[in-house]
Amino acid sequence: MTETYTGPILEIDNLSISFFTRLREIPAVMDFSATIMPGDSLGLVGESGCGKSTVALGVMQDLGVNGRIVGGSIRFKGEELTTMSPDRLRALRGREIAMIYQEPMASLNPAMTVGAQLIEVPMIHEGISKGDAYARALETVADVKLPDPKRILKAYPHQLSGGQQQRIVIAMALMSKPSLLILDEPTTALDVTVEAAVVQLVRDLGRKYGTSMLFISHNLGLVLDTCDRINVMYSGEAVERGSIADVFDDMQHPYTQALFRAIPLPGASKTTRPLKAIPGNFPLPDARPKGCNFGPRCDYFEAGRCDAGPIPMQRITGDDRHLTRCIKFNAIDWNAPVTKAIETAPTAPGKVILRMEDLKKYYDTRGNTAFGGVSQVVKANESLTFDAREAETLAIVGESGCGKSTFAKVLMGLETATSGNITLDEKSISDVPIENRTTQTVADIQMVFQNPFDTLNPSMTVGRQIIRALEVFRIGKSDGERRRRMLDLLDLVKLPRTFADRMPRQLSGGQKQRVGIARAFAGDARIVVADEPVSALDVSVQAAVADLLMDIQARQNTTLLFISHDLSIVRYLADRVLVMYLGHVVELGTTEQVFSPPYHPYTEALLSAVPIADTRVTKRRIVLKGEIPSAMNPPPGCPFQTRCPRKHQVAGDLCERELPPMRTLSDGLQIKCHLPDEEFAAMEPVIQMAGNSVA
Amino acid sequence: MEPLTWTGSLGQFLNPVLMITATALVLTAAAQIIAGLFAPAVTLQSNADGSLMARGGAFGAVETALKWAFIATVVTLTAYLAAGLVMPYGRAGIVGAVAKRFLPVFIALIALFAVSMTFKRRLGLYGKLFDSTVGMIGFTLVMFWVFSAIFSGLFDMIATHDPLRPISGLKNKLPGVSVPEEGLYPHYLLGGDNLARDVFSRMVTGSVVVIAIAPLATLFAFMVGITLGLPAGYFGGKLDAFLTFIANLILAFPVILLFYLLVTPEIVATGIPSYMAAVLFVFPLVFTAVLLNSRYATQPAKRTVILVVVLGFFGWLYLSLISQEDTPLRILPAWLDGFDVNSGILVVFVSVVFVNAPTVFRIVRGLSMDIKTRDYVAAAQTRGEGPWYIMLWEILPNARGPLIVDFCLRIGYTTILLGTLGFFGLGLPPESPDWGSTINEGRKLLLIYIHPPLPPALALLTLVLGLNLLADGLREESLRD
């Protein structure tokens, strides 16, 4: 390890990693190769379970007792890692190779101050004095753009927000100026606007220090934003690798192609260009097919050729180190247009069935009033006013803490509103808690939950859970009738009928989410609140579940309240969009209107923050400063004024004094902002696509 | 008849072998500990044939030697038992004779293991137990005593003599002494106690008392803890504060004093123990009723039938249990009173529930506070389920892992508690062969004769150890998926 080393930082050759259980050997990574040059960043993309994190752990030589490298080599700056002594490894880890994990809170020791955790890194690895280490910690904390470094260093991790914690983890990784930084889904746990800021930080720091990066993510858009090269993994194998431009614009593997067709890019729309889900399921590591792993799900599968034997990586001539693991890549016409799925006619929204008027929900967090504590009010929802029509999809967009879950609870009747009114079919339900609602009302408003691993009771069979919903909604006269209805519901969500007797743990995430949807529609719900129903699913499954929701909605004329923070999917499937910030509705209009100027400044920042996996797209970068204020202590005036990049365009301190009124602009677009009309008129689209604007 | 020696003719050959293997075991174990201080870190090596090698060199050799010494010792010990089974009576000494008496238990154990191992993939958590060595050892120890209790309690098989009948001349006699009376089993295998009764038979019969009472009493404690812990955790607030306070109060009360109070004649005369029993035993009834009602509330016709049948039966059991002669609670007429329970056993039940329920309450409360935040609970709430359905059908089944483990551990505590109660002369009748009472009696002459209290003490030790190991195994395996 010399300072003048110029070769590749990391070279992985034909790496194979297996995990050993008592029963058998389970290969997790097979024949994986990659090279990272100094200053380069490599993106490792794939769905959960494809082995991308295992590669990272293999590089760190931290596979646990069951995992073992069974073949190939990993060379770091020319040194072989697989046969390295534990002492040498310990010297490398943290100093030369640093890793950043997904959960920032889990990476920080809650019992130590941030400062103490930071300064021990160079003290251990470089043996420098405490004073020098402290100086460096101050410098690094300033580098990761945290305000008031001295105060931060004295803080304990729980006193910082998620975004700040992740910045501290990044600072810790950079304390010893490593040559290689491994980031394992570093922003998955963060909100979009915070994610955008952290991603930009990582990119800037990488440039500043010349650090090479291995960036692991399931999000193609993020990889496009941060990396130079990409390696797509599927079921333990790299299926395609090359430069970002080659892989994104000239993909040579069916899986990569299918992946791109499954994510909602600008231009996709549920009526004219629907997403194309990848058929079938991800193979389990112990049940991989012979030959090409992707074969059974591939459109170009050719029996006898694709399943004949192991398929090596093949070089594509002309491109820069562009390889694909597809036998037929020369035979496939990669530019053939997508076979059009049947175009569905857009369903016309019907009459208004749900109306919210000036809905408010305050929580009283009585911090020990008996002993002189101050009673604080959390204003979770402030004056929500909107209506939803039959058969329409209304998206509710906002980051965590914006009050969307509270709103859902009030609508479902789990909480009662502080003031305001909810009317369902001209009947007020805002003061009726769920135990006093009629069975029909309860069955009419149902919910689909976010986390597929939490949505089903793990100790009850799938069929039993659906039948229970039928029993509660008083559907069917006998057990037999209910069972038939349950099987019909399984058909509706396109699950095999045999699943009725399975336990939830035997199902994949997407299948569980389908059961959750079947359960919500058990009583022919007319309003379904879908709380981020696809955000926890893999890309290839997301499209299928979203389409299923749309399909059932169209068939049953359901009103769908789609809560999400992911603007790409919202643009794809929503008819109207409602943007929330800190309990307020800041913008409300049709999808078209919300995604094109004029924007509310917050919507503008959100749009800019969403990573888009399309090289043709150029975005105006708007990075928000700071964090979302606490709903316990909202800022005076406009809720967004503390982070608003356009505050200077409003005369005087109006934003800090007064809550802006809801203004209705052209065609019914409503925006809650003080900006003068001429500023709205002068706004440019955030997203430009190869010359012409799409949003 | 000649008195039996410990190992009989078997000893001439096996004793030296055991000496050698045991010495080898001790030496290699010591060597391994010393070598472990200097050995290099484990590095995995793959061999050409695809197998794995963890260590080699001197340290590896010591490890291998230790392994073989251990196996040799176990084989030798098993040989004592096996030879005892096949050799004619008396030739294999006391060890052989005891092994022969326990033959039905061994056969049952082997049959149980054969069946369980064959179908272990289909048996859920129970089947997974057979993946864990610790769990299997624990299960073997527990089932050994369970089968002993079954065979001696139901079929009168294992015990050699009447556990309550003294035989003149055998007071405090050493193990292997021959019985002077004709027509009886020819020896006191483990000697006689200070009332000239057979120690071996008393130990075996004692297992019946322990195995019959301990799990049942623990089950009652769980019912109480669960019925109170679920709402405390689910609703929270004032109810939770109140119940937790009560639980803390009971936990802080000196237990032994409580036991004495329960059997003090003045207190018994006021009827307090009976009333306490009446209150505590009503919990399982309430629990069952709520469980079934919340499940079938949507189908009233079915619900009513099921509730009437089940509650009728349980109600009768309950009333029979609490209505006693000579107590203020005489509810059922004699012809309806199915059975009477010894008042001492009632005291045992009340004390066990009293001691254990608060702890179970706290565990269940914590678990339900955690599980109530899950989405499937929210899903149940949004379809308008009542709180008891959510608690009993959505939360409780998903809290079962930690509860099963705790149940096993708690049977162990209860067994010791039974011993403690017996030791103080509380609860069971004085001549009862249960292990605690037997140990207490033996204690008095411990300095002169150690053989009467030792077998029940070892029996208690193995059962509790087995329950703890079983709990460990279950915990390990339930965490696995």
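The values are calculated or read from the model by the stated rules, or taken from the named source; none is laboratory data. Bear in mind the structure is a predicted one, so any value in this text is a computation, not a measurement. So basically every Cβ, Gly included, is an ideal-geometry build from the backbone, and we count neighbours across all protein chains shown.
Screening the range A:392-479 for helices (runs of 4 or more DSSP H) wholly inside it with 3 or more residues that are within 18 Å of B:T382 (Cα to Cα) and within 8 Å of another protein chain (Cβ to nearest Cβ) returns the ranges A:439-444, A:462-472.
Counting only strands (runs of 3 or more DSSP E) that sit completely within the range A:562-630, those holding 3 or more residues that are in contact (Cβ under 8 Å) with a residue 60 or more places away in the chain and surrounded by 24 or more Cβ atoms within 10 Å (Cβ to Cβ) correspond to A:576-581, A:584-590.
I'd like the full set of residues that are β-branched (V, I, T) and in contact with a His (Cβ under 9 Å, 6 or more places away or on another chain), limited to the range A:387-401.
A:V397
In the condition set (1) touching a residue at least 40 places away in the same chain (Cβ under 8 Å); (2) within 14 Å of chain B (Cβ to nearest Cβ); (3) in contact with a strand residue (DSSP E or B) (Cβ under 7 Å, 6 or more places away or on another chain), A:L81 is compliant with all but (1). Check A:A546, A:A520, A:A536 and return the single one that is surrounded by fewer than 24 Cβ atoms within 10 Å (Cβ to Cβ) and of a type in the set (A, V, I, L, M). Checking each option against the conditions leaves just A:A536. Every condition in (1) in a helix (DSSP H, G or I); (2) surrounded by 15 or more Cβ atoms within 10 Å (Cβ to Cβ); (3) touching a Pro at 6+ places or on another chain (Cβ under 8 Å) holds for A:E656 except the one numbered (2). Scanning the range A:442-471 for residues that are touching a residue at least 40 places away in the same chain (Cβ under 8 Å) and within 16 Å of A:D524 (Cβ to Cβ) gives A:V442, A:A443, A:D444, A:I445, A:Q446, A:M447, A:V448, A:I466, A:A469, A:L470.
The criterion of at least 2 residues that are within 29 Å of the chain's Cα centre (by Cα) is met by the following helices (runs of 4 or more DSSP H) wholly inside the range B:239-311: B:255-263, B:272-296. Candidates B:I267, B:I322: the one that is without any contact (Cβ under 8 Å) to a residue 60 or more places away in the chain and crowded, with 18+ Cβ neighbours inside 10 Å is B:I322.
When the range A:525-541 is filtered for residues that are within 13 Å of chain B (Cβ to nearest Cβ) and either more than 21 Å from A:A469 (Cβ to Cβ) or part of a loop (DSSP other than H, G, I, E, B) (or both), the ones remaining, listed by number, are A:A525, A:E532, A:P533, A:A536. Comparison of A:A287, A:A238, A:A258 shows that the only residue that is hydrophobic (A, V, I, L, M, F, W, C) and surrounded by fewer than 21 Cβ atoms within 10 Å (Cβ to Cβ) is A:A287. For the range B:226-238, a residue qualifies if it is of a type outside the set (F, W, Y) and either part of a helix (DSSP H, G or I) or not assigned by TED's automatic domain parsing to the domain that holds B:V347 (or both), and the qualifying residues are B:I226, B:T227, B:L228, B:G229, B:L230, B:P231, B:A232, B:G233, B:G237, B:K238. Every residue in the range B:196-219 that is surrounded by 22 or more Cβ atoms within 10 Å (Cβ to Cβ), of a type outside the set (V, I, T) and assigned to a helix (DSSP H, G or I), please. Passing the criteria: B:F200, B:S201, B:R202, B:M203, B:G206, B:S207, B:A214, B:A217. Only one entry in A:L89, A:L108, A:L118 is surrounded by 14 or more Cβ atoms within 10 Å (Cβ to Cβ), over 21 Å from A:A197 (Cβ atoms) and out of contact with any Phe, Trp or Tyr (no Cβ under 8 Å at 6 or more places or on another chain), namely A:L89.
So that you can scan it fast, the table gives a plain yes or no per residue for (1) within 30 Å of B:I33 (Cα to Cα); (2) under 30 Å from the mean Cα position of the chain (by Cα):
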site: B:G60; (1), (2): yes, no
site: B:T76; (1), (2): yes, yes
site: B:Y80; (1), (2): yes, yes
site: B:P88; (1), (2): no, no
site: B:L103; (1), (2): no, yes
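Checking the structure you have, find out if any residue of the range A:166-180 is over 27 Å from the mean Cα position of the chain (by Cα), at positive phi and without any contact (Cβ under 8 Å) to a residue 60 or more places away in the chain. For the range A:166-180, residues over 27 Å from the mean Cα position of the chain (by Cα), at positive phi and without any contact (Cβ under 8 Å) to a residue 60 or more places away in the chain: present.
Note on the range B:282-306: residues that are over 25 Å from B:V224 (Cα atoms) and of a type in the set (D, E, K, R) amount to 1. Applying the condition of being part of a helix (DSSP H, G or I) and buried (at least 21 other Cβ atoms within 10 Å of the Cβ) to the range B:447-463 and asking which residue is nearest to the other protein chains (Cβ to nearest Cβ) yields B:L463. Candidates in the range B:371-401 are the residues that are without any contact (Cβ under 8 Å) to a residue 40 or more places away in the chain and more than 28 Å from A:T439 (Cα to Cα); of these, the one that is farthest from the other protein chains (Cβ to nearest Cβ) is B:A399. Exactly one residue out of B:F113, B:F139, B:F151 is closer than 30 Å to B:L184 by Cα and modelled with pLDDT of 85 or more, and it is B:F151.
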